[in-house]
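Each remark here refers to the structure printed beneath this line.
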Amino acid sequence: MFDALAQQIPYHTLIDTAAVRLDVKRLDLIHPQISGNKFYKLKYNLIEAQKRGCARILTFGGAFSNHIAATAYAAHRFNFQSIGIIRGEELADRPLNPTLSTAQALGMQLEFISRAQYRQKDQPEFIQALMQHYPNTYIVPEGGTNALAIQGSKEILSNFDREQYDLICCAVGTGGTLSGLIESSAESQQLLGFSALKGTFLSEQIRGLTQKTNWKITDDYCFGGYAKSSPRLLNFMASFEERYQIPLEPIYTAKMLYGLFDLIEQQAFAQGIRILALHTGGLQGRLSAK
Ligand SMILES: *Cc1c(COP(=O)(O)O)cnc(C)c1O
């Protein structure tokens, strides 16, 4: 059901010198609403929900979540009802931001819960209570990361990508996408994940998911943590967009490209390296951030 959406995915060359070739693969252009990596992460989950005969998809996220936006659209498109459990009960009394109002317009039922309750969301008792309250429902974890999401993320790289590039780069949130990329990479390739969050816990988590060792995650370009920003990052993003005519967002893709350009400038890579950066989408979040 998903394959009709992802057809030819364009590439753009950003740098082409003797020292470096840097291309970006525009997963953001797959679809305006099920964009980027979230498309691949949802694919086998929705197929599984359909197989189990579930009528509803339930998932979790913050008010700006790309995963909530993608799930609302995908559920609508493939005839599921959907429920979004949103972090922050105070939001219930405020006008909805564009992420949430679009999700609601697509039929997603929004449930606002407190941050304390939200922290329970992976506890068996909490999930059990949800399943009792919403029978016949397929539950997707926050950020969409589970084994089926990793299976879908393996489809991001094509044979061309495995043959043509020495290094694959992507932005990292939960690490689900990077795990799929690692699993589907060629032995001779390296992967570098740019964490949108501070800390090294993601590396430990991914070490539990894959035997391969051809990858690394850096949080050197997280700008202080998730959704944290700085004028330097925003200036970089504006000049990148102007120069290449490729839109970014400040949570994930701008941080990755800032880091990548910085490493290239520091000559951190071998001469003649061919790099593929994945544009994982997320552009819907820009509307809500303004
Ligand atoms: C969700 C998201 C990521 C992170 O994906 P994970 O699989 O959670 O690591 C990266 N980029 C964008 C634009 C995203 O929306």
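The values are calculated or read from the model by the stated rules, or taken from the named source; none is laboratory data. Model, not experiment: these values are computed from the prediction. Don't worry about glycine lacking a Cβ; one is built from the backbone with ideal geometry, like all the others, and counts go over all protein chains shown. In case anyone asks, the SASA skips ligands and DNA or RNA and just uses the protein heavy atoms, side chains included. Shrake-Rupley method; radii C 1.70, N 1.55, O 1.52, S 1.80 Å.
Values computed for the structure shown
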| quantity | calculated |
| --- | --- |
| Failed item in (1) surrounded by fewer than 16 Cβ atoms within 10 Å (Cβ to Cβ); (2) among the β-branched types (V, I, T); (3) in contact (Cβ under 8 Å) with a residue 12 or more places away in the chain, with T213 passing the rest | (3) |
| Tally, over the range 35-54, of residues that are of a type in the set (A, V, I, L, M), more than 16 Å from the ligand (Cβ to nearest atom) and open to solvent by less than 40 Å² (accessible area, probe 1.4 Å) | 2 |
| Given (1) outside any loop (DSSP other than H, G, I, E, B); (2) among the polar types (S, T, N, Q); (3) open to solvent by 40 Å² or more (accessible area, probe 1.4 Å), index of the condition S188 fails | (1) |
| Test: residue in the range 265-272 that is closer than 25 Å to P10 by Cβ and out of contact with any Gly (no Cβ under 7 Å at 6 or more places or on another chain) | yes |
| Conditions (1) within 15 Å of the ligand (Cβ to nearest atom); (2) without any contact (Cβ under 8 Å) to a residue 12 or more places away in the chain; number of the one not met by D16 | (1) |
| Which numbered condition T71 misses (of (1) more than 20 Å from I127 (Cβ to Cβ); (2) within 16 Å of the ligand (Cβ to nearest atom)) | (1) |
| Pick from the range 55-69, criterion out of contact with any helix residue (DSSP H, G or I) (no Cβ under 7 Å at 6 or more places or on another chain) and touching a residue at least 40 places away in the same chain (Cβ under 8 Å), ranking: surrounded by the most Cβ atoms within 10 Å (Cβ to Cβ) | R56 |
